[in-house]
Amino acid sequence: MWPYHPDLLERPVPRYTSYPTAAEFSDMVGAAAQAEALEAIPQDADVSLYVHIPYCREICWYCGCNTGAANRGGRVSAYLEALDDEIHLVSRHLGGRGRIRRIAFGGGSPNAIAPLAFVRLLDRIVTELDAGGAEISIELDPRSLDDCWFGVLRDARVTRASLGIQTCAPHIQQAIGRVQPLAMIEDAVVRLRAAGIESLNFDLMYGLPHQQPADLDATLVEAVRLAPDRIALFGYAHLPALLPRQRRINADALPGHRQRFEQAAHGHRMLTGAGYRPVGFDHFALPRDPMAVAALQGRLHRNFQGFTDDPSEILIGLGASAISQFPGLIVQNEKMAGRYRMLVGADQLAGRRGVERPEDDRWRGRVIEQLLCQGEARMSQARMSRARHALAPFADRGLILCGPTSVRLLPAGLPYARAVASCFDRYRSCSTGQFSHAV
Ligand code: SF4
């Protein structure tokens with residue numbers, strides 16, 4: 001279905017959950033710019049919140065998230081107190097401006113904290129930031145989804161949830177340090193639906209150690225049977241130099257580039273064959289799901305959480321390492337939980353690294369987002385002609401169609417989407433090797 005051109009995929013490229021990407025953040029941009037951006041939010045602007053809980057009950061070996069073990073109660077409660085401080089600080093800077101439309105809890109695993117602590121945290125956000133009526137989503141680890149969580153999610157009116165599944169194959173679960181029996185996942189799905197979760201996502205992975213085509217196939221069959229509204233099928237990125245916990249994964253057991261490519265193609269074929277609509281290059285959604293509708297109507301966006309139907313241009317990140325995005329600025333909070341606590345405890349915003357987005361970066365960001373979300377980007381003739389040379393290898397092989405003012409991904413070009421987008425990335429003229437392969 002997809003032609004394989006390894007030379008076009010060998011250069012590591014970012015996932016482009018923002019542009020410029022986190023690799024361009026510097027400590028020249030921090031709390032002062034963050035304060036200015038918060039204070040410049042228009043009165044009636046739609047705002048989304050992201051709340052980072054950097055703890056998990058068990059740490060998976062493949063994980064690339066900023067998270068640690070939630071095995072010391074004192075550490076978690078000190079962090080939650082710091083979150084309270086930050087909510088209060090942000091509220092002061094907002095001064096009542098902005099309308100909070102969405103609240104996303106991610107991590108880590110938000111359900112690594114006590115259910116009662118979650119209720120208190122949400123209550124604090126709703127009260128201090130006037131966020132009643134916001135749509136609430138949460139990332140959940142089925143392994144720490146204790147009974148009382150279901151009632152809490154229902155009472156808190158959480159309507160979207162994402163379950164970390166990755167694979168259903170027991171031998172691969174062992175090889176990646178994440179063991180969760182299928183029965184546990186089935187139980188979580190049934191009870192989340194009963195608790196009012198309207199949109200349920202599964203995170204799955206290909207490119208895992210010892211993963212054979214039949215293993216991926218079996219996981220996809222189970223996923224389709226359980227009928228989540230959305231499925232994200234990510235390629236595992238093995239970067240042990242950056243992520244020491246990945247050293248426990250046997251690199252010799254990882255599939256090669258060609259096998260990864262075939263796994264991605266197989267996943268795409270199977271999920272679309274089962275009735276899921278492709279959303280961007282690695283998400284799938286049932287046709288009735290708002291994300292599938294947004295993709296069909298050209299309203300799909302990309303932010304730090306991946307593909308989204310969230311139209312807001314303003315995302316405020318709360319918690320250690322959380323990233324806030326404004327039209328002209330991206331800023332990331334202090335990553336280390338201890339230092340984050342000290343900053344907000346001293347009544348200071350926690351922004352430590354970031355990047356301003358001049359107009360040149362903003363149009364590049366728009367083009368990259370349009371390519372990844374809509375499969376087509378438009379720009380001025382001058383900009384298009386400057387990009388033509390970099391795009392030529394993709395055009396010559398029938399993967400994209402270049403017009404005088406536009407570039408369009410052809411169906412065969414979907415797995416090359418990130419590589420094509422990187423032609424508009426002024427920071428990626430030579431790769432630094434800190435990103436994953438394009439498939
Ligand atoms: S549960 Fe999720 S966030 Fe936590 S360690 Fe595993 S993959 Fe990472």
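Looking at region 269-344, what strands (runs of 3 or more DSSP E) fall wholly within it and have at least 2 residues that are over 23 Å from Gly164 (Cβ atoms)?
On the way: elements: 277-279, 283-285, 301-303, 306-308, 314-318, 323-326, 329-333.
Because the criterion is at least 2 residues that are over 23 Å from Gly164 (Cβ atoms), the strands (runs of 3 or more DSSP E) in region 269-344 that meet it are 314-318, 323-326, 329-333.
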Among the candidates Asp123, Asp141, single out the residue that is in the same structural domain as Ala322 (by TED's automatic domain parsing) and within 14 Å of the ligand (Cβ to nearest atom).
Asp141
Residue list for region 31-52, restricted to those being under 12 Å from His93 (Cα atoms) and surrounded by fewer than 16 Cβ atoms within 10 Å (Cβ to Cβ):
Ala32, Glu36, Glu39, Ala40
Can you confirm whether Pro170 is modelled with pLDDT of 95 or more, within 16 Å of the ligand (Cβ to nearest atom) and of a type outside the set (Gly, Ala, Ser)?
no
Does any residue in region 246-264 that is within 21 Å of Glu10 (Cβ to Cβ) come within less than 8 Å, Cβ to Cβ, of a residue that is β-branched (Val, Ile, Thr) and buried (at least 21 other Cβ atoms within 10 Å of the Cβ) six or more places away or on a different chain, and which pairs are these?
His257/Val439; Arg260/Val439; Phe261/Val439; Ala264/Val439
Checked pairs for region 57-81, first in the same structural domain as Tyr206 (by TED's automatic domain parsing) and free of Cβ contacts under 8 Å to residues at least 60 places away in the same chain, second of a type in the set (Gly, Ala, Ser) and not in a loop (DSSP other than H, G, I, E, B), C-beta under 8 Å and 6 or more apart or across chains, list as Cys65/Gly107; Thr67/Gly107; Ala70/Ala112; Val76/Ala112; Val76/Ala117; Ser77/Ala117; Leu80/Ala117
Give region 27-73 a look and list any residue that's hydrophobic (A, V, I, L, M, F, W, C) and within 11 Å of the ligand (Cβ to nearest atom), or say none.
Ile53, Cys56, Ile59, Cys60, Trp61, Cys63, Cys65, Ala69, Ala70
May I ask you to verify whether Gly351 is closer than 28 Å to Gly107 by Cβ, surrounded by fewer than 14 Cβ atoms within 10 Å (Cβ to Cβ) and either of a type outside the set (A, V, I, L, M) or not assigned by TED's automatic domain parsing to the domain that holds Thr308 (or both)?
no
Taking the stated definitions as given, is Gly98 farther than 19 Å from Ile197 by Cα, surrounded by 17 or more Cβ atoms within 10 Å (Cβ to Cβ) and touching a His at 6+ places or on another chain (Cβ under 8 Å)?
no
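Can you tell me which residue among Leu410, Leu372 is surrounded by 14 or more Cβ atoms within 10 Å (Cβ to Cβ) and either assigned by TED's automatic domain parsing to the domain that holds Phe25 or more than 24 Å from the chain's Cα centre (by Cα) (or both)?
On the way: Leu372 fails: either assigned by TED's automatic domain parsing to the domain that holds Phe25 or more than 24 Å from the chain's Cα centre (by Cα) (or both).
Answer to the selection: Leu410.
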Hey, Asp27 hits all of (1) within 26 Å of Arg101 (Cβ to Cβ); (2) surrounded by fewer than 23 Cβ atoms within 10 Å (Cβ to Cβ) but one; which does it fall short on?
(1)
From the set of residues in region 375-407 that are under 27 Å from the mean Cα position of the chain (by Cα) and assigned to a helix (DSSP H, G or I), which is surrounded by the fewest Cβ atoms within 10 Å (Cβ to Cβ)?
Leu391
All but one of (1) surrounded by fewer than 17 Cβ atoms within 10 Å (Cβ to Cβ); (2) free of Cβ contacts under 8 Å to residues at least 12 places away in the same chain; (3) more than 16 Å from the ligand (Cβ to nearest atom) hold for Cys148, so report the exception by its number.
(2)
Here the residues within region 165-188 that are in contact (Cβ under 8 Å) with a residue 60 or more places away in the chain and on the phi < 0 side of the Ramachandran plot are Ala175, Ile176, Arg178
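The values are calculated or read from the model by the stated rules, or taken from the named source; none is laboratory data. Since the model is a prediction, treat every value here as computed from it, not as a measurement. In this analysis, Cβ positions are derived from the backbone assuming ideal geometry, glycine residues included, and neighbour counts consider all displayed protein chains.
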